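First comes the structure, then the notes that go with it.
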Amino acid sequence: MCTAISYQTKDHYFGRNLDLEISFGESVVVTPRHYHWHFREAADRDDSYAIIGMATVEEGMPLYYDGTNEKGLSMAGLNFAGNAHYFSQAEAGKNGIASFEMIPWVLGQCADLDEAKACIENLTVLDTRFNDRLPVSTLHWLVADPSGAFVVESVADGLHIYDDPVGALTNNPPFPTQLFGLNNYRQLTAGVPENHFAKGLDLDLYSRGMGAIGLPGDLSSASRFAKVVFTKLNSKCGSREEESVSQFFHILGSVEQQRGCCDLGNDQYEYTIYSSCCNTDTGVYYYKTYDNSRITKVDMHREDLDGDKWQSYPLLMGEDIQAQN
Ligand SMILES: C[C@H](CCC(=O)NCCS(=O)(=O)O)[C@H]1CC[C@H]2[C@@H]3CC[C@@H]4C[C@H](O)CC[C@]4(C)[C@H]3C[C@H](O)[C@]12C
């Protein structure tokens, strides 16, 4: 499972938890403007917006899990098992885009949410495999910029784009059902809950934090959705960069998966492999890994964005503990 969010303080931030039992060898990859993007069915491009994000490089091509372009548009792919449906052929007049091409196709040519919406309305997601080794991932996508967010779901009856007023996405069920689920929690408050239990029964406020009793804490995707939305929308944060990045990771931390709590059998456990937070205004990509709680950053503008070769930074994985005496 995964969780992605979009968050605004002085700047705009976008990132996600990648929760899985194994890693696909991901690294932080900066792809400059003149990298030759080869698309299977759609036209290749040598002139695109530069992209920074987390990707696996396969046969020389970055396959992005999440990314942000130099204009501040961001996109993340999250698992959508059992619901995602891709097609063998593009609809008449539309571009056929494989699921692994979605992020570069959109981020490479769109500067903001409106352009991204128009671009995505004009494509069909194809079920093309990247190669014989990699499965077709069943994904849905969160797309965001400072003005808002939307969700893209390709299902059996075609492509759907849903405005996302809460700026968050997890996995199943489909997005409209996730959003509807929030109705169940309308009584929750970050403040002091009132006693409505029954007339004449005096119930005690014996602890702080009782306003959110009933907010789910389990790791299912519907529960993580409610938890992260509550956390994000009640979150208070100063405007400094360090505070914003720290707060962003704390919001993602509300739905992180500790190894052992989601048992997949055969000694496999789903856990939060990495958490990312990209300042989409400055193009700085911050990340933490499960075993390295120190925040590491990669700045896209420290690379030659007019080049044609991607640059990859292997994740720093070891715990880095500061000795104080
Ligand atoms: C698994 C991840 C979603 C995390 C998640 O939700 N995990 C819970 C599983 S579960 O829901 O609990 O069962 C997703 C998110 C992005 C994906 C990559 C996208 C590029 C590329 C596409 C190719 O076609 C296949 C290989 C490829 C490297 C993909 C591998 C994998 O699919 C990635 C990492």
**Distance (nanometres) between label positions extended 7 Å along Cα→Cβ at LEU182 and GLU121** = 2.4
**Complete:** Expected max-MSF residue from PHE80, PHE100, PHE39 in the GNM of the chain (alpha carbon, under 10 Å) is PHE39
**Cα Rg over Rh - the range 118-213, Kirkwood** = 1.20
**Item:** Residues of the range 8-35 with amide N under 20 Å of the 7 Å Cα→Cβ point at GLU241
**Value:** 8-16, 28-31
**Fill in**
The simple spin-label model distance between SER293 and TYR269, using points 7 Å out along Cα→Cβ, in nm, is 1.6
**Request:** Return the percentage of antiparallel bridges among DSSP beta bridges fully within the chain, rounded to the nearest 5 %.
**Result:** 95
**Request:** Using Cα positions and a limit of under 24 Å, work out the lysines in reach of LYS117, with same-chain residues fewer than 8 apart set aside.
**Result:** LYS71, LYS94
**Request:** Please report the relative contact order for the range 176-299, taking Cα pairs under 8 Å with a sequence separation of at least 6, and give it as a percent rounded to a whole number.
**Result:** 14
**Request:** Determine the calculated [θ] at 222 nm for the chain from helices alone, applying -39500 (n - 2.57) to every DSSP H run no shorter than 4 residues and normalising by the residue count; nearest 500 deg cm²/dmol.
**Result:** -4500 deg cm²/dmol
**Asked** For MET317 and SER147, what does the FRET efficiency come to when R0 = 45 Å and r is the distance between their Cβ atoms, rounded to the nearest 0.05?
**Response** 0.80
**Request:** Using only the alpha-carbon atoms of the range 178-252, report the extent along each of the three principal axes, biggest first, to the nearest angstrom.
**Result:** 49, 27, 18
**Message:** How large a share of the accessible area of the chain, in percent, is made up of carbon and sulfur atoms when the probe is 1.4 Å and the other protein chains stay in place?
**Reply:** 48
**Request:** Return the Rg/Rh value of the chain, two decimal places, where both radii are evaluated on C-alpha atoms and Rh is the Kirkwood radius.
**Result:** 0.99
**Within-12-Å neighbourhood charge of ASP47 [Cβ basis; K, R +1; D, E -1]** = -2
**Request:** Give the accessible area for ASP308 in Å² (nearest 10); use a 1.4 Å probe, count only protein heavy atoms, and leave out ligands, DNA and RNA.
**Result:** 80
**Request:** With a 1.4 Å probe and all protein chains in place, put LEU215, LEU252 in order of accessible area, largest first.
**Result:** LEU215, LEU252
**Item:** For THR124, net neighbour charge (Lys/Arg +1, Asp/Glu -1) across residues whose Cβ lies under 11 Å away
**Value:** -3
**Request:** Figure the gain on full extension for ASN234 and ALA111 (residue separation times 0.36 nm, minus the Cα-Cα span) and round it to one decimal in nm.
**Result:** 41.4 nm
**Request:** Please find, in a Gaussian network model of the chain (springs between Cα atoms separated by less than 10 Å), the residue of SER147, SER223, SER244 whose mean-square fluctuation is greatest.
**Result:** SER147
**Request:** Can you sort GLU115, GLU21, GLU242 by 1.4 Å-probe accessible area, starting with the largest?
**Result:** GLU242, GLU115, GLU21
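The values are calculated or read from the model by the stated rules, or taken from the named source; none is laboratory data. Note that the coordinates shown come from a computational prediction; the quantities given were computed from them, not determined experimentally. Here Cβ is always computed from backbone atoms with ideal geometry, including for glycine, and neighbour counts include all displayed protein chains. Just the protein is used for accessible areas: all its heavy atoms, side chains included, with ligands, DNA and RNA removed. Shrake-Rupley method; radii C 1.70, N 1.55, O 1.52, S 1.80 Å.
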